[in-house]
2 protein chains.
Amino acid sequence: MTTDTIRVDRAALEDFCARVFQAHNLSEADATIAADVLVAADARGIPSHGVARLPRYVLGLATGLMLTDVEPEIVRETPTSLLVNARGAMGAPVSAHTMNSVIDKARQTGAAFGCIRDSNHFGIAGYYAMLALPADMLGIAMTNTAALGVPTFGREPFFGTNPLAFAAPADEEGAFVLDMATTVVTRGKVEVYDRAEKPLPEGWAVDAAGLAATDPTLILQNLTVQAGGGILPLGGLGELFSGHKGYGLAVMVDILCGVLAGSSFGADIADQAGSSARVSHFFGAIRIDTFRDPRAFRRDMDHLLRSLRSSPPAEGEERVYFAGLKEFEYEEACAREGIPLTPKVYAQLKETGAACEVAPPAVL
Amino acid sequence: MTTDTIRVDRAALEDFCARVFQAHNLSEADATIAADVLVAADARGIPSHGVARLPRYVLGLATGLMLTDVEPEIVRETPTSLLVNARGAMGAPVSAHTMNSVIDKARQTGAAFGCIRDSNHFGIAGYYAMLALPADMLGIAMTNTAALGVPTFGREPFFGTNPLAFAAPADEEGAFVLDMATTVVTRGKVEVYDRAEKPLPEGWAVDAAGLAATDPTLILQNLTVQAGGGILPLGGLGELFSGHKGYGLAVMVDILCGVLAGSSFGADIADQAGSSARVSHFFGAIRIDTFRDPRAFRRDMDHLLRSLRSSPPAEGEERVYFAGLKEFEYEEACAREGIPLTPKVYAQLKETGAACEVAPPAVL
């Protein structure tokens, strides 16, 4: 972080976001959840999904891309399943409610799953998977997103970044929290290279002919005008580095979200001018004690995660991490020192707040 | 395939393998399952997991690495879960039984999961995931394996190839069947390069210092003598191509198999001279009709898979596939023309059969 990084208190930032959401017709309860999810991204070191998106959410609420006057509807329900139609509502509140229902169902039955259709961006997938941790459950969360990923051997986008998250509790080591896009990188990463005017590493993207391409401006422009080409799945180009596996994972996420929810999937999910992609989510919870004593499970998780964390680093590297460790350490630092924001993001927050008469969080 | 490829009838090959297994003290029922799983790999174009392994299985049965006189034991059971101790038995029969029990439980409850501990190699993970398809369920199967994969930024093996499989039914398009190692490649692929005396693509493996390495002989030797180094996770070296995601997936599989089953995990799973790694498996089944009409689901799956299959190929490529398509096409060809075997593998089968007085399958 540069020296001109601004720091704000986490609770104050949450409160600010919640007030802004309330000023845009979200109920107090929903606004609180939406703020919690947004700020969790900043606090976990994923600013691409954090309050930098607040102006976009506010615009979505103001223009009706995300609806505030709808009540999500339960389409189908069994003791182990739940299908919800969000009816165009904001993604985070309905997602938190649904994941909590899934956890309640798993408490009764041992394992449960939920789908949401006709939803909007839900923030970081890991947030919902982690809701299962205090209940001594394994948590799962996925979402499909607007198509930008090109199938192995293909040239046109057919899947989104389609992240999947999986969380498992430990004791002293906290938890294992995997939260990953199934594309090799997200669109945000390509935008970072574009702003820096740096060529992309070969293996991230292809042009409209499906050939390896390294010009970020071209890739982004092709995606915007739907000219073909886009981002490659995890594993990269072709099959040499197993790009077909990342492609398979991306489609698996789309099946569990879009197809299982009976909603849009594949290339049909696209952001258009004036309308946002209606996306679908998938959630799951599995009670650990249906297999073994959760305390013994968490003890073994400590052993596994500690072994990984303390395993010898490669020459020239400092440490070995496990999924979620960087984020936990970042979150601890934020609790001590406040959440870092760039001056640009802070200025945006001030502007967004001023438009609805909400004072920005104090600079620490 | 070269012109000297030998072809045999699938049923005859299954029958041969089953007789060999019976001659090594497997019950008729278990021998039939073990043969079915083994031959399914050859019939689906995955010969690395097929009858080429028969001599190894027979040796394992003969030397007691895999036990035949044990009855797998149910350790814990609920309406949505099952934990089985295989007590060192062969992997395939207990895995098929357990997956079928998981499917039965899901039939009652909507979703169910099973773990097996103290097991042995179970063959191709996709076989078990696909057992869910006729029941209109989503199928899941995973296994941990002997450690050979090196964590991102690390230098010592801490996870196996840890494959995960996911199957979802379609109608005319068959099914989507993802069956993938979470390492960038398997040990078998490195062995192929070693035999061909070709350098590995950079991004497949690291040496004992954790640095990128391309000498297959060195990599395999280091693994054998546990000198450090090994195969990289899906995504390759470091974080530039998201190797940390493949690393995360490999550990997720280990958590669902080894930790959830209360068995060995991580670096503790290792093949030693005279004893095979005791591995653990994880299975799951989710009933589609708890979310929507399975016919509508399969119709949408047809639409999704057909869209992918008929999407325009990249310049220089012929086709776009979806996960499982190559295998289905290969299986259809095998049904028409017989299963191809190399002369070497056929000679091994003859030898293995001769040792226990079982006639080899006729050459077509």
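The values are calculated or read from the model by the stated rules, or taken from the named source; none is laboratory data. Here the structure is a predicted model, which is why all the values come from computation and not from measurement. All Cβ positions, glycine included, derive from the backbone under ideal geometry; neighbour counts span all protein chains shown. We work out accessible area using only protein heavy atoms, side chains counted, and drop any ligands, DNA or RNA first. Shrake-Rupley method; radii C 1.70, N 1.55, O 1.52, S 1.80 Å.
Hey, got the average number of other protein chain Cβ atoms within 10 angstrom for residues in B:81-87?
2
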Placed amide H near residue B:278: partners under 5 Å, 5+ positions off or other chain: B:270
Long-range amide H partners of residue B:215 with built H, under 5 Å: B:200
Rounded to whole Hz, the Karplus (6.51, -1.76, 1.60) HN-Hα couplings of region A:358-364, x for glycine and proline: 10, 6, x, x, 5, 6, 6
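Interface size between chain A and chain B, please: total buried accessible area, 1.4 Å probe, rounded to the nearest 100 Å². Let's see the in-between values first.
Values: alone 17430 and 17400 Å², together 27890 Å².
Summed over both sides, the interface buries about 6900 Å².
Viscosity 1.306 mPa s, temperature 10 °C: what is the translational diffusion coefficient of region B:209-321 from Stokes-Einstein with a Kirkwood Rh over Cα pairs, rounded to a whole number of µm²/s? Numbers along the way, then the final one.
On the way: Rh = 18.5 Å.
Translational diffusion coefficient: 86 µm²/s.
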Highest-fluctuation residue, A:208, A:125, A:92 considered, GNM on chain A with Cα pairs under 10 Å: A:208
Potential lengthening between residue A:217 and residue A:77 on full extension [0.36 nm per residue; Cα-Cα distance subtracted]: 45.9 nm
Principal axis dimensions, region A:193-240 - Cα atoms, whole angstrom, descending: 29, 23, 14
Per-residue ³J(HN,Hα) for region B:198-211, Karplus 6.51 cos²θ - 1.76 cosθ + 1.60, θ = phi - 60°, Hz, x for Gly and Pro: 10, x, 6, x, 5, x, 9, 8, 10, 8, 5, 8, x, 9
Chain B - mean residue ellipticity at 222 nm from DSSP helices (-39,500 (n - 2.57) per run, n ≥ 4, rounded to 500): -12000 deg cm²/dmol
At least 50 Å² accessible surface lost relative to isolated chain, residues of region B:88-116 (1.4 Å probe): B:113
Positive minus negative residues near residue B:179 (Lys, Arg vs Asp, Glu; Cβ under 10 Å): +1
Per residue accessible area of region B:140-223, 1.4 Å probe, in Å²: 33 Å²
Residue B:67 long-range amide H proximity, modeled H, under 5 Å: B:89, B:90
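Per-residue mean of other chain beta-carbon atoms within 10 angstrom of the beta-carbon, peptide A:134-140?
Details: counts 0, 0, 0, 0, 5, 0, 1.
Partner-chain Cβ atoms within 10 Å, mean over residues of A:134-140: 1.
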For chain B, convex hull of alpha carbons as volume per residue, Å³: 146 Å³
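How crowded by other chains is B:205-214, given as the mean number of beta carbons from other chains within 10 Å of each beta carbon?
Partner Cβ neighbours, averaged per residue: 2.
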Cα coordinate range in region A:153-283, projected on the principal axes (Å, largest first): 46, 35, 30
Convex hull (Cα only) mean projected area of region B:112-168, reported in nm² to one decimal: 4.8 nm²
In order through region A:284-293: 3J(HN,Hα) via Karplus (6.51 cos²θ - 1.76 cosθ + 1.60), integer Hz, x for Gly, Pro: x, 9, 10, 6, 4, 6, 6, 10, 6, 4
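From the mean inverse distance of alpha carbon pairs (Kirkwood) and the Cα radius of gyration, derive Rg over Rh for region B:306-352.
Numbers: Rg = 16.2 Å, Rh = 13.3 Å.
Radius of gyration over Kirkwood radius for region B:306-352 works out to 1.21.
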All-pairs alpha carbon distance profile, region B:257-364, 5 Å steps from 0, percent: 2, 8, 8, 8, 10, 12, 14, 17, 13, 7, 1
Projected area averaged over orientations for the protein assembly as shown, convex hull of C-alpha atoms, nm²: 29.3 nm²
Cα-derived Rg to Rh of region B:1-74, Kirkwood definition: 1.02
Occluded residues from region B:225-272, i.e. those whose accessible area drops by 40 Å² or more once the chain is not alone (1.4 Å probe): B:234, B:240, B:241, B:245, B:247, B:249, B:251, B:252, B:255, B:259, B:260, B:265
With eigenvalues of the C-alpha gyration tensor scaled by 5 and rooted, region B:1-148, Å: 27, 19, 13
Within the accessible area of region B:248-326 (1.4 Å probe), percent carbon and sulfur: 43 percent
